[in-house]
Amino acid sequence: MSQNEPAKARHVAIIMDGNGRWAKQRHLPRAVGHQRGVEAVRRVVRGARELGLEALTLYAFSTENWRRPEEEVSDLMGLMKRFILSDLDEFAQAGVRLKIIGDYKAFTPDVVELVEKAIQRTSGNSGTTLAVALNYGSQDEIARAAARAAEKGTITPETISAELDTADLPPLDLLIRTSGEVRLSNFLLWQAAYAELLFTDVLWPDFTAEHLGQALEAFRTRERRYGGR
């Protein structure tokens with residue numbers, strides 16, 4: 001890339017927000033909003049692959065989401081299982097590699113088994129990496145990384161970075177949040193230190209590959225200084 005050529009994003013992360021609001025606006029159960037949110041995931045993963053992203057990280061289930069009503073958590077788990085079962089063949093054939101960040105082993109054994117089989121099946125793929133944050137909280141991730149760095153020796157920004165869940169991914173370029181909320185909600189706090197941020201009013205079930213493409217075009221117009229002039 002020449003010095004004057006706009007930067008191209010390699011790694012994009014998305015806080016997928018607005019499923020419940022989407023359903024409420026249509027007088028539908030929240031579960032329907034989550035179902036439409038899964039359809040948006042399919043669209044965006046396909047779009048990320050077609051747009052040449054090296055990595056796409058999606059905030060699917062946070063450590064705080066356990067506080068939601070038990071029925072809603074159960075619905076989310078069921079959707080996750082159906083998504084893996086129905087879409088894994090397509091992702092595997094398309095060269096998508098699945099990666100999980102967070103403590104997914106806190107889920108029920110059937111979910112853990114499905115996740116681990118999906119990770120294993122796509123481990124040799126070299127296309128876009130789809131990193132899904134499950135039972136993930138950034139503060140917890142940083143604490144775990146710092147503890148591992150301390151066990152090995154000196155704690156520095158570099159040694160902590162090397163122990164993060166995302167250590168094998170490209171640096172985060174762009175973080176998107178849908179639904180009009182303007183906060184990071186304990187997501188990729190360390191990784192977002194110099195990432196570009198984009199907040200959109202589009203609710204997640206309405207988010208498309210075209211929206212992702214527009215976000216990448218907006219990214220290319222930004223001047224990234226990393227604290228310099």
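The values are calculated or read from the model by the stated rules, or taken from the named source; none is laboratory data. Keep in mind that this is a model prediction, so the values were computed, not measured. Note that we place each Cβ from the backbone using ideal geometry, even for glycine, and neighbour counts take in every protein chain shown.
Quick notes
- Residue within the range 51-74 that is part of a helix (DSSP H, G or I), aliphatic (A, V, I, L, M) and within 22 Å of Ala209 (Cα to Cα) present: no
- Counting the residues of the range 43-72 that are of a type in the set (A, V, I, L, M, F, W, C) and closer than 14 Å to Ala94 by Cβ gives 6.
- Which numbered condition Leu28 fails, given (1) outside any loop (DSSP other than H, G, I, E, B); (2) modelled with pLDDT of 95 or more: (1)
- Residue count, the range 161-175 (criterion: surrounded by 13 or more Cβ atoms within 10 Å (Cβ to Cβ) and assigned to a loop (DSSP other than H, G, I, E, B)): 10
- Boolean, Lys81 is at pLDDT 95 or above, in contact with a helix residue (DSSP H, G or I) (Cβ under 9 Å, 6 or more places away or on another chain), surrounded by fewer than 18 Cβ atoms within 10 Å (Cβ to Cβ) and in a helix (DSSP H, G or I): no
- Pairs with Cβ under 7 Å, 6+ apart, first in the range 1-18 and modelled with pLDDT of 75 or more, second among the small types (Gly, Ala, Ser) and part of a loop (DSSP other than H, G, I, E, B): Ile15/Ser185; Asp17/Ser179; Gly18/Ser179
- Residues that are among the aromatic types (Phe, Trp, Tyr), closer than 22 Å to Asn19 by Cβ and touching a residue at least 24 places away in the same chain (Cβ under 8 Å), drawn from the range 193-229: Trp204, Phe207
- Matching residues, the range 51-75, being at pLDDT 95 or above and either over 17 Å from the mean Cα position of the chain (by Cα) or under 17 Å from Ser86 (Cβ atoms) (or both): Leu58
- In the range 176-192, the count of residues that are part of a strand (DSSP E or B), surrounded by 13 or more Cβ atoms within 10 Å (Cβ to Cβ) and touching a residue at least 40 places away in the same chain (Cβ under 8 Å) is one or more.
- Extreme residue, surrounded by the most Cβ atoms within 10 Å (Cβ to Cβ), among residues of the range 193-209 that are in a loop (DSSP other than H, G, I, E, B) and out of contact with any helix residue (DSSP H, G or I) (no Cβ under 9 Å at 6 or more places or on another chain): Ala195
- Close contacts from the range 68-89, counting a first residue that is closer than 13 Å to Arg30 by Cα and a second that is of a type in the set (Phe, Trp, Tyr), with Cβ to Cβ under 8 Å and a gap of 6+ residues or different chains, come to Val73/Trp66; Leu76/Phe61.
- Enumeration of residues in the range 103-119 that are more than 11 Å from Lys81 (Cβ to Cβ) and over 19 Å from the mean Cα position of the chain (by Cα): Pro109, Lys117
- Selected residue (only one of Glu116, Glu151, Glu141, Glu158 is in a helix (DSSP H, G or I) and within 19 Å of Ala55 (Cβ to Cβ)): Glu141
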